[in-house]
Structures are given as structure tokens and as C-alpha cells.
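One structure is given here, and the rest of the page talks about it.
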Amino acid sequence: MLEENKNIALLGLGIMGRAVAKSYSSKGYTVHGWNRGKVNQDLAKDMNLENLVICDDAAEAVKHSDHLDIMTVMADQMLSTTETVIQSVDANIWKGKTLVQFTSHDPFAIKAQEKLVTTTMHANLIGGAMMAVPDTVGTNKGNFLVSSKDPKLVEHNLPALQVLGNVVPLNGDIGL
């Protein structure tokens, strides 16, 4: 069962990514975090989280995850780079894992990423939206919307996702 898998990858260590790292670390997960920019990596290191391992690249972070990989690159100007980050990790490393994509605000972009992740990387994709601010991550005040064509995929990952806060499944259209 997923709750036994305590290693996750976190791609993006900005203000929300650091809040996500803190939430998972406090629940006993080992977070393998990566950020493209050194400033956010250094800020994450400065948090002195016992269970946070800063990785040199996205592939290293994903390689160390048991099953669940979370992307939290939130800035709209970063949307065009999310596919580049996904593709920077070899398909053999992604195979069988689940990427929870909290990045895309564009329904067409998330659908393109779904095709890339499922057909090229042979992994699963859950689309998501954070209805939270950093202080509400890991509390019942933080709301996280998740969607997948396969309701069983969300259901299977729900115990690990609930570490973030109140998770609301919106199954059906991943671009929702």
C-alpha cells in the first residue's frame, strides 16, 4: 500500500515547494527535492528539515522516489519549461511512477503533459491545483484539487496526497 512508500520526489523548491517539503518531512517522508535555481535550493537547505535530501538534478530526485513525484513549479512563466523538466528524466526512471502536476494553469498544457507522461514516460499523471498559501499546506485549511481520467489512480494515491491538506478529487477531465 502507498502509505508504506515514504520516499517522494519534489520538483520545485520555491515558496510552495518548501511548504510541501516541510509537510511531508514532518510526516516521516523522505523528500528528494530538486530546484533548477540555486537560491531556492539553498533556502530549502536552510530549513534544516531532517528528511529533506537536495538532489543535483530532477532525474536523481525521481530515481529515489518510491512511487509519488510532485511538481510544484508555480510561476506562469515556468509553464513552458515543465515539459523540459519531465523530459530531462529518462523514461526508465519515470516508468510506473505517478507525477502529481501542480504546475499547469492551462488545460491544454496539462493534457499535452499527460500524453507525454503516459505514452513516452510510461508513468501516470494526476493534474492538480493548490488552493492554499504556504502556511496552510499540511493543515485542513489548505485545499488541493486533483484530477485524473482514472479515479483509482487518485484513490490509490490519496493517503499520501492528504499529507498536503484537504484533497478534493475532481476525476474525469485532467484539464479541469
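In a residue-by-residue description of region 148-155, the property of being at pLDDT below 95 and in contact with a Phe, Trp or Tyr (Cβ under 6 Å, 6 or more places away or on another chain) applies to no position. Here Ala123 clears all of (1) buried (at least 23 other Cβ atoms within 10 Å of the Cβ); (2) farther than 21 Å from Met16 by Cα except the condition numbered (1). Against the list (1) touching a residue at least 60 places away in the same chain (Cβ under 8 Å); (2) over 20 Å from His67 (Cβ atoms), the condition Thr103 fails is (2). For residues that are over 21 Å from Val163 (Cβ atoms) and in contact (Cβ under 8 Å) with a residue 40 or more places away in the chain, tally how many sit in region 107-135. Final tally of qualifying residues: 5.
Here is the figure for region 1-43: residues that are of a type in the set (Gly, Ala, Ser), in contact with a helix residue (DSSP H, G or I) (Cβ under 8 Å, 6 or more places away or on another chain) and farther than 23 Å from Trp94 by Cβ total 1. Residues that are of a type in the set (A, V, I, L, M), closer than 20 Å to Gln113 by Cβ and touching a Lys or Arg at 6+ places or on another chain (Cβ under 8 Å) do occur in region 159-176, at least one of them. Residue pairs whose Cβ atoms lie under 6 Å apart, sitting 6 or more positions apart in sequence or on different chains, and linking a residue in region 54-74 that is among the acidic types (Asp, Glu) to a partner that is crowded, with 23+ Cβ neighbours inside 10 Å, are Asp69/Ala9; Asp69/Val62; Asp69/Leu99.
The residue of region 159-169 that is farthest from Met16 (Cα to Cα), among those that are open to solvent by less than 40 Å² (accessible area, probe 1.4 Å) and outside any strand (DSSP E or B), is Ala160. Scanning region 93-108 for residues that are surrounded by fewer than 18 Cβ atoms within 10 Å (Cβ to Cβ) and at pLDDT below 90 turns up His105, Asp106, Pro107, Phe108.
Taking the residues in region 144-153 that are open to solvent by less than 60 Å² (accessible area, probe 1.4 Å) and out of contact with any helix residue (DSSP H, G or I) (no Cβ under 8 Å at 6 or more places or on another chain) as candidates, determine which candidate is farthest from Ile110 (Cα to Cα). Per the stated criteria, the residue is Leu153.
Results for (1) at pLDDT 95 or above; (2) surrounded by 24 or more Cβ atoms within 10 Å (Cβ to Cβ); (3) of a type outside the set (S, T, N, Q), shown as yes or no for each residue.
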{"site": "Glu3", "(1), (2), (3)": "no, no, yes"}
{"site": "Gly14", "(1), (2), (3)": "no, no, yes"}
{"site": "Tyr24", "(1), (2), (3)": "yes, yes, yes"}
{"site": "Val31", "(1), (2), (3)": "yes, yes, yes"}
{"site": "Asn35", "(1), (2), (3)": "no, yes, no"}
{"site": "Asp42", "(1), (2), (3)": "yes, no, yes"}
{"site": "Leu52", "(1), (2), (3)": "yes, no, yes"}
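As a summary of the residue check, Gly172 satisfies the conditions (1) assigned to a loop (DSSP other than H, G, I, E, B); (2) open to solvent by 50 Å² or more (accessible area, probe 1.4 Å); (3) not aliphatic (A, V, I, L, M) except for the one numbered (2).
The number of residues in region 109-120 that are surrounded by 14 or more Cβ atoms within 10 Å (Cβ to Cβ) and of a type outside the set (A, V, I, L, M) comes to 4.
The values are calculated or read from the model by the stated rules, or taken from the named source; none is laboratory data. The structure presented is a predicted model; accordingly, all values stated were derived computationally and were not measured. Using ideal geometry, Cβ is built from the backbone for each residue, glycine included, and neighbour counts are taken over all protein chains shown. The accessibility values were calculated without ligands, DNA or RNA, using every heavy atom of the protein model including side chains. Shrake-Rupley method; radii C 1.70, N 1.55, O 1.52, S 1.80 Å.
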